[in-house]
Amino acid sequence: MSGFQLQRLAVVMEPEPGNPQEVEGVLNPAAVRGPDGELYLFPRLVAQGNYSRIGIALVRFDSAGDPAGVERLGIALEPETDYERRPDGIGGCEDPRITFVEPLQRYLMTYTALSPHGPRIAIAQSQDLFHWQRLGLATFQPYDCIDFAGVDNKDASFFPVAIPNPSGQPELALLHRPLFPGTLPEDTACHRVYREVDLDRESIWISYCPMTLQGQEPYRFGQFTSHHRLASPVSPWERLKIGGGTPPVLTRHGWLIAYHGVSEMPESSEQRRRLCYSAGIMVLAKEHPHVILYRSPEPVLTPLLAEERRGIEDNVVFPTGVDRRDDLGSPDRLDVYYGMADNRIGVARLDVPASLPPGVATAHSQDQKV
């Protein structure tokens, strides 16, 4: 078992009866402290037809300081632009992550925009969490023979401080997971149990852009460049796919992220493949986060509860939000908010150990098999 473990605390949000905006689930929230010190969730709210908005909810805590529920406050974003809506009427603002970026002194939200060309990473900014300005789609320069621009992309999040790019220049750093053709878990499940991993096309990447919002309003970022492959599938619990999860949070050991991995359920067959989404922990070096210091050899959270095993998508725990409990004077305590079977939102607690446990899994071997 991993030295990092998540302890379930509660189901903090579930679809509100009679609310048409939530009839197909509330899930995969961003979690961030506001200027007032309160904790806010930004859940994906799914209406009929998989039409997604991003809501705002205030987290309520019990007398022990544990999250116990939420108060709904409204909508942060809903599909309005051409890159969030398709001609058939389907659209989506999905799976947000929010980071307060210190050099910019503003909150940056990354979210999945369900565009006419497929899911793409979109960016919005705010100074108070209640008023959001769209900054458009993230754009990427090609890297070697790899073109990120024309492929689906998801699971993006920013670092809160400037990070040295491969040339040593401090820039805004983005974790993201491009979905090249043939790399969906349904695709890789068709391969033999032990398979070659396409390291370039099955990985989480770090990309960088200058730490400014260029030009006059409406603000837009420059292109993300200086790409670096961070991590590929290495362990059986993640053999079909890995993807980003919570935004990086600084701990005593370095930058910590909870990420997701996908495997097949034991009862899967050639005719009926059943997938399992689990969560793991990755720790990246503080000064050079392209260096992995630790990676979970086993998942830290797998679908066990009925709410995690049965829902819109069965057998899913999907971490997207993290709250370091500085408010309790406990910076080594992290509350991780996660989607439960694409239908509800749960929270689990992670206490960062005093030292990194053994079992580092690397992801840079060119002859890698899983």
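The values are calculated or read from the model by the stated rules, or taken from the named source; none is laboratory data. This is a predicted model, so every value here is computed, not measured. With ideal geometry, Cβ positions are generated from the backbone for all residues, glycine too; neighbour counts draw on all protein chains shown. These accessible areas exclude ligands, DNA and RNA; they are computed on the full protein's heavy atoms, side chains included. Shrake-Rupley method; radii C 1.70, N 1.55, O 1.52, S 1.80 Å.
For the chain, report the accessible area per residue in Å² (1.4 Å probe, heavy atoms, rounded to an integer).
Per-residue accessible area for the chain comes out at 40 Å².
Using a 1.4 angstrom probe on heavy atoms only, work out the carbon and sulfur share of the accessible area of the chain in %.
Carbon and sulfur atoms account for 49 percent of the accessible area of the chain.
Treating only the Cβ atoms of Lys and Arg (+1) and Asp and Glu (-1) as charged, compute the dipole magnitude of the chain about its Cα centre; round to the nearest 20 debye.
The dipole magnitude comes to about 480 debye.
Under a Cβ-only charge scheme (Lys and Arg +1, Asp and Glu -1), can you give me the dipole magnitude of segment 285-349 about the Cα centre, in debye to the nearest 20?
120
Do you know the relative contact order of segment 156-200, to the nearest whole percent, from alpha carbon pairs under 8 angstrom that are 6+ apart?
Here the relative contact order equals 27 percent.
Sort 306-315, 293-302 by packing, meaning the average of other beta carbons within 10 Å per residue, with the highest value first.
293-302, 306-315
Cβ neighbours within 10 Å, averaged per peptide: list 345-352, 74-81 in order, most packed at the top.
So the order, starting with the most tightly packed, is 345-352, 74-81.
Given 37 °C and 0.692 mPa s, how large is the Stokes-Einstein diffusion coefficient of segment 1-105 in µm²/s, with Rh as the Kirkwood radius over Cα pairs?
Estimated diffusion coefficient is 214 µm²/s.
Could you give the spread of the C-alpha atoms of segment 118-257 along their three principal axes, from largest to smallest, in whole angstroms?
52, 38, 34
At what distance in angstrom do the alpha carbon centres of segment 32-103 and segment 281-296 lie from each other?
28
Go ahead and estimate [θ] at 222 nm for the chain from helices alone: -39,500 (n - 2.57) per DSSP H run with n ≥ 4, summed, over the residue count, rounded to 500.
It lands at -500 deg cm²/dmol.
Pop out the ³J(HN,Hα) list for segment 73-85 in order, Karplus 6.51 cos²θ - 1.76 cosθ + 1.60 with θ = phi - 60°, rounded to Hz; leave Gly and Pro as x.
Values, residue by residue: 10, x, 10, 8, 9, 9, x, 9, 8, 5, 8, 10, 9 Hz.
Beyond 20 Å, what percent of the Cα pairs of segment 53-141 remain?
Every Cα pair in segment 53-141 considered, those over 20 Å come to 43 percent.
Where does segment 144-192 land on Rg(C-alpha)/(2.2 N^0.38 Å)?
Relative to the rule-of-thumb radius for its length, segment 144-192 sits at 1.52.
Can you give the convex hull volume of the alpha carbon atoms of the chain per residue, in Å³?
Output value, Cα hull per residue: 141 Å³.
For segment 133-199, which chymotrypsin sites (Phe, Trp or Tyr not before Pro) pass both filters: DSSP loop (anything but H, G, I, E, B) and at most 14 other C-beta atoms within 10 Å?
Of the chymotrypsin sites (Phe, Trp or Tyr not before Pro), the ones in loops of segment 133-199 whose Cβ has at most 14 other Cβ atoms within 10 Å are Tyr194.
Run the numbers on the chain and let me know its relative contact order in percent, using alpha-carbon pairs under 8 Å that are six or more apart.
Relative contact order, the chain: 18 percent.
Write down Rg/Rh for segment 243-334, rounded to two decimals, with Rg from the C-alpha atoms and Rh from the Kirkwood relation over Cα pairs.
Using only Cα positions, Rg/Rh for segment 243-334 is 1.06.
Using the Karplus equation 6.51 cos²θ - 1.76 cosθ + 1.60 (θ = phi - 60°), what ³J(HN,Hα) coupling, rounded to whole Hz, does each residue of segment 195-205 give in order, writing x for Gly and Pro?
Calculated HN-Hα couplings, in order: 9, 6, 9, 7, 4, 6, 10, 10, 10, 7, 10 Hz.
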